[in-house]
1. Give me Met169, Met100 sorted ascending by neighbouring Cβ count inside 10 Å, so fewest comes first.
2. Starting from the Cα-Cα distance between Ile150 and Thr44, subtract it from 0.36 nm times their residue separation and give me the gain in nm to one decimal.
3. Where a Cα-Cα gap under 21 Å defines reach, which lysines qualify for Lys185, not counting those fewer than 8 residues away within the same chain?
4. Where does each of Val158, Val59 land when they are ranked from fewest to most other beta-carbon atoms within 10 angstrom?
5. So for the chain, averaging the separation of alpha carbon pairs under 8 Å that are six or more residues apart and normalising by length, what relative contact order in percent results?
6. Enumerate the calculated ³J(HN,Hα) couplings along segment 189-200 in order (Karplus 6.51 cos²θ - 1.76 cosθ + 1.60, θ = phi - 60°), each rounded to whole Hz, writing x wherever the residue is Gly or Pro.
7. In what order do Ile116, Ile39, Ile150 fall by count of nearby beta-carbon atoms within 10 Å, going from fewest to most?
8. Gain in length, Thr131 to Arg115, computed as 0.36 nm per residue apart minus the alpha-carbon separation, to one decimal in nm?
Amino acid sequence: MRRSHRLALSTLILVLPALAGFAALDNSMKLQSRSRLWIDGTSTVRSFTCRAGQLEADVETTSFTPSADVVAGKKAIGNVRVRVPAARMDCGNGTMNEHMLKALKATEFPMIGFRISSYELAPITDSVQVTLTGELELGGQTKTIQMTTIASQVDGAVLRVAGTHAIRMSDFGLKAPKLMMGTLKVSDRVVVGFELYLER
């Protein structure tokens, strides 16, 4: 065997394991089915909760151990986008569902979305405080918001990210629902809560 051929073969043997390791690094994190998102609100009659029946997320990472790295204060997460089909929000009451979907303009704008543009980490005991800045798309309008969440590592290598954020529907050009001939009026201010479980 010619020397150049032997050299090429040796190089290939050395490079293949590295290429295999690179291919094995799926740069995405998967959203576990136990993840949830909900909206808490109040009205002139009672409080209510609307839960997302479907939740989708695209999360990129550059790490083999993203949950451990994030909790250690390392920026191991890249692009993040969360989507909620507006029509899958369930307030536990058919009439309330109908009015809420109308208020959210679910037919015209079927997807509620949030895309992170930047974030900062501040490690605390056994977890990390994450300050997120991103674009919230709701009812056909997009606004920049900032929220604080807590990230922690659970069940070995799962990243749990949880938090709440208050918004005003009117900020997105939406009108809070009115029911029963206007005797039940939903407050303009609602609180979005979420608990995401991500694994690589």
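1. Numbers: Met169 20, Met100 24.
Final ranking by Cβ density, sparse to dense: Met169, Met100.
2. Values: separation 106, 0.36 × 106 = 38.16 nm, distance 3.20 nm.
Computed gain between Ile150 and Thr44 is 35.0 nm.
3. Hits, sequence-local ones excluded: Lys102, Lys105, Lys175.
4. Numbers: Val158 16, Val59 23.
The order, fewest Cβ neighbours first, is Val158, Val59.
5. On the way: 426 pairs, mean separation 46.4, N = 200.
Answer for the chain is 23 percent.
6. 8, 10, 10, 8, x, 8, 9, 9, 10, 10, 9, 8
7. On the way: Ile116 17, Ile39 21, Ile150 13.
Fewest-to-most ranking of Ile116, Ile39, Ile150: Ile150, Ile116, Ile39.
8. Numbers: separation 16, 0.36 × 16 = 5.76 nm, distance 1.35 nm.
Value of the extension gain: 4.4 nm.
No lab work stands behind these numbers, since they all come straight from the coordinates. None of these values were measured; they are calculated from a predicted model. Here the Cβ is made from the backbone with ideal geometry for all residues, glycine too, and neighbour counts use every protein chain on show.
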